[in-house]
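> First, the structure itself, so that you have it in front of you.
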Amino acid sequence: MSALPNRDRRAERREATRREILDAAWQIARQEGLSAVTLREVAGRIGMRSPSLYSHFDSKNAIYDAMFAEAWGELSDVFDALPPPAAGRGALLAMAGTFFDFAVADLARYQLMNQRTIPGFRPSEEAYAASTAVYERMRVRLAECGVRAQADLDLCTAIIGGFVDQQLANDPGGSRWRGQLPRLVDMYCDEVGVPGPRLRGSP
């Protein structure tokens, strides 16, 4: 009878504590805003003394860094779960809609991922790699649709991000800009030369 491998219970407890810290930080960010995340506030939420947090995160920015990487990892998982992509304009609409829905579902997460709202915070190289992996996935998807110029990629991220900003600022929880995504993708495809039937007829 073979013995089961020994469990590293100390590492498991450490990982559980780290998870508890991040969950508390996300809770604070969603309730009070990203700037409200402090070592003292996080410690208070989980019943830990502030100095004890330093054995898990050496600064507030280290917590933000872990949150940043986690958020981009979550978006990557969402893309992984999508069915095989459609072609052409349909593929672009699916990509745009997936990102849009993910972004508007969580304001604090979107701000951390895409807006420089925290003075002095810059993601580490390791955390930033999670975001560039998603960007490269988008680059590949656009290339499959015939969009390869960097300027055209920049236009794509800018207009979808603009729609997200408008939705969050002017119709949070609604669908005012979400409903216009087919029209937006048609306009973009017309501009960069992606062929195919229109996603939405002209009004």
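A short reminder: the numbers here are calculations on the coordinates, not readings from a lab. Given the structure is predicted, the values throughout are model-derived calculations rather than measurements. Cβ placement follows ideal geometry from the backbone for every residue including glycine, while neighbour counts extend to all protein chains displayed.
> How big is the Cα convex hull of the range 9-58 in projection, averaged over all directions, in nm²?
3.2
> Charges at C-beta only: +1 for Lys and Arg, -1 for Asp and Glu. How large is the resulting dipole of the range 57-203 about its Cα centre, in Debye rounded to 20?
With only Lys, Arg, Asp and Glu charged at Cβ, the dipole is about 500 debye.
> Mind checking the dipole of the range 9-58: about its Cα centre, +1 per Lys or Arg Cβ, -1 per Asp or Glu Cβ, Debye to the nearest 20?
In debye, rounded to 20, the range 9-58 gives about 240.
> At R0 = 22 Å, how high is the FRET efficiency between Arg198 and Asp152 if r is their beta carbon distance? Nearest 0.05 is fine.
Efficiency, rounded to the nearest 0.05: 0.70.
> Determine the relative contact order of the chain: mean sequence separation of Cα pairs under 8 Å and six or more apart, normalised by residue count, in whole percent.
22
> Given a cut-off of under 8 Å on Cα pairs at least six residues apart, what relative contact order in percent is computed for the range 123-203? Can you show the working numbers first?
On the way: 29 pairs, mean separation 18.3, N = 81.
Value for the range 123-203: 23 percent.
> Report the far tail of the P(r) of the chain, meaning the percent of Cα-Cα pairs longer than 30 Å.
Cα-Cα pairs in the chain separated by more than 30 Å: 34 percent.
> Please compute the contact order of the range 9-58 in relative form: average sequence separation of alpha-carbon pairs under 8 Å and at least six residues apart, divided by the residue count, as a percent. Please list the in-between numbers first.
Details: 26 pairs, mean separation 15.2, N = 50.
Value for the range 9-58: 30 percent.
> Can you pull the one-decimal nm distance between simple spin-label points at Ser175 and Asp106, each 7 Å off the Cα toward Cβ?
Those two pseudo-labels are separated by 2.3 nm.
> Can you list the DSSP H helices in the chain whose Cα atoms extend at least 27 Å along the helix axis and whose mean Kyte-Doolittle hydropathy is 0.0 or higher?
Span-like helices, by this rule, are 150-170.
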